[in-house]
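The values are calculated or read from the model by the stated rules, or taken from the named source; none is laboratory data. Since we're looking at a predicted model, the values are computed, not measured. Positions of Cβ are backbone-derived with ideal geometry, glycine not excepted, and every protein chain shown enters the neighbour counts. For accessibility, only protein heavy atoms count, side chains too; no ligands or nucleic acids. Shrake-Rupley method; radii C 1.70, N 1.55, O 1.52, S 1.80 Å.
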Amino acid sequence: MTLNSFNIRVYGILVNDSKQVLVSDERIYFNNREITKFPGGGLELGEGTRECIIRECKEEMNVDVAVVDHLYTTDFFQQSAFNEAHQLIAIYYIVRPLEPLSFSVNNGTPVYPATITENFRFIDWEHFSADVMTLPIDKIAAGLLKERG
């Protein structure tokens, strides 16, 4: 298959006051795969990357966030795992909530009730590492986050 499109993804990394990192556990139905990733999603046409992560956090978590800092943008070729015709570009921002989190958070292992395809959980800083993440670019962003301390 020939690459013919870019897939631009924007992710938010939220570390709370207790030094815990928010991750999203998702069940992807088309290949029955479970992944752990940072919250975020696809850039829409006409949207800036900062606007995108603010929108994604509102849609996924019903929380307004502020973008604090840019952490990482993909700097190598990555073919999309979900569409082999796409080259994936991922952009990671450090975000902070502008209000208390109002969604359900599980502080343990991933849980996938039959009706839910996305579950948020916090991972304590000492247990957080690149190995926790499923996707290749998320692993790099997680490593960079840990290096920053």
(message) Helix 136-148 against the longest principal axis of the chain: what's the angle in degrees, Cα atoms only, rounded to the nearest 10?
(response) 40
(request) Please report, in debye to the nearest 20, how large the charge dipole of the chain is about its Cα centre when each Lys and Arg carries +1 at its beta carbon and each Asp and Glu carries -1 there. (result) 140
(request) Work from the charge dipole of the range 12-65 (Cβ charges, +1 for Lys and Arg, -1 for Asp and Glu, about the Cα centre) and give the residue of 48, 61, 12 farthest towards its positive end. (result) 12
(request) Just round it to a whole percent: the fraction of Cα-Cα distances in the chain exceeding 20 Å. (result) 48
(message) For a quick check: with amide H placed at 1.01 Å from N, whose amide H comes under 5 Å from residue 71's, ignoring anything fewer than 5 positions away on the same chain?
(response) 92, 93, 94
(message) Multiplying the sequence separation of residue 131 and residue 147 by 0.36 nm and subtracting their Cα-Cα distance, what value in nm do you get?
(response) 4.3 nm
(message) Please list, in order along the range 62-68, the HN-Hα scalar couplings obtained from phi with the Karplus expression 6.51 cos²θ - 1.76 cosθ + 1.60 (θ = phi - 60°), rounded to whole Hz, x for Gly and Pro.
(response) 6, 9, 7, 10, 10, 7, 8
(message) Taking a cut-off of 13 Å, what percent of all Cα-Cα pairs in the range 5-53 are separated by more than that?
(response) 67
(message) Given an 8 Å cut-off on Cα distances and at least 6 residues of separation, report the relative contact order of the chain as a percent.
(response) 30
(request) Could you state the accessible area per residue of the chain in Å², with a 1.4 Å probe and every protein chain left in place? (result) 53
(request) Excluding residue 17 itself, calculate the net charge of residues whose Cβ lies under 15 Å from the Cβ of residue 17, where each Lys or Arg counts +1 and each Asp or Glu counts -1. (result) 0
